[in-house]
Amino acid sequence: MSTVRISDAELVSKYVQGHEPALERLVLRHADALLHKIYLKVQDPDLTQDIHQETWIKFVRAVKAGEYTEKGSFPAFIHRVATNLAYDHLRKQKRSPELSMERCGDAVMGVEDGHMNAEEAALRSQWHTDVKRALDHLPEDQREVVFLRIYAGLSFKEIAEETGVGINTALGRMRYALVNLRKILGVPSV
């Protein structure tokens, strides 16, 4: 039996019409990516949870007040709300936002492979460590695009909306990030 995945737009539409379970599906679908994104900015697990909850409360209030309008993709919208709330909290705390790929573990670079021998596992672990260190040397705007593309799985159009830049700028940041990573890691260009 195959199940059809309901799009975010359909779930939002159902929620706007009063179908409460649609909200639960949206939250479950986007929780991991939002939590990682928020944590990269605030570096505090408790604050991350608070901002995640505030993000969804803000969405619910906008829907209930009739203020939510579908403009662009829902993932880009909800990520923008979360980002703005994270920056608001950081401004209140007088802290600088920092993207540290070291903090997001294997989120950026890998999937587990249970079929590796000890040597392959050690090499892969070392490679992940090297890549994470290299990511920390990238400018923040490049790190953010790498994270949004590889971990959050956003399209470049969604990344452009999320970061408030044009699509060509988002593409350029990704290209420069990859070029810089190759230089840092000593990997020849393809």
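Counting Lys +1, Arg +1, Asp -1, Glu -1, what net charge surrounds Arg80 among other residues with beta carbon under 12 Å of its beta carbon?
Details: positive: Lys37, Lys58, Lys71; negative: Glu158, Glu161, Glu162.
With Lys, Arg at +1 and Asp, Glu at -1, the neighbours total 0.
Here the 3J(HN,Hα) profile of the range 38-55, calculated from phi with Karplus coefficients 6.51, -1.76 and 1.60 at θ = phi - 60°, is 5, 4, 4, 7, 9, 6, 9, x, 5, 5, 4, 4, 4, 5, 4, 5, 4, 4 Hz, Gly and Pro shown as x. Treating r as the C-beta distance of Arg5 and Lys157 and R0 as 30 Å, the FRET efficiency rounds to 0.95. Taking θ as phi - 60° and the Karplus parameters 6.51, -1.76 and 1.60, the scalar couplings of the range 159-174 work out to 4, 4, 5, 4, 9, x, 10, x, 4, 5, 5, 4, 4, x, 4, 5 Hz in sequence order, x denoting glycine and proline.
Modelled this way, with points 7 Å down the Cα-to-C-beta line, the labels at Asp136 and Arg61 are 3.7 nm from one another. The H on the amide N of Ser155, modeled in the peptide plane, is under 5 Å from the matching H of no residue at least 5 residues off or on a different chain. Of all aspartates and glutamates in the structure, the ones whose alpha carbon falls short of 15 Å from that of Lys92, not counting any fewer than 8 places away in one chain, are Asp44, Asp50. Derived value for the range 1-98: Kirkwood hydrodynamic radius 14.2 Å. Basis is the mean of 1/r over every pair of different alpha-carbon atoms.
Any read-out appearing in this document is the output of simple, stated calculations on the displayed coordinates, not a laboratory observation. This one's a predicted model, so the numbers in the text were calculated from it and none came from an experiment. As a convention, Cβ positions derive from the backbone with ideal geometry for all residues, glycine included, and neighbour counts pool all protein chains shown.
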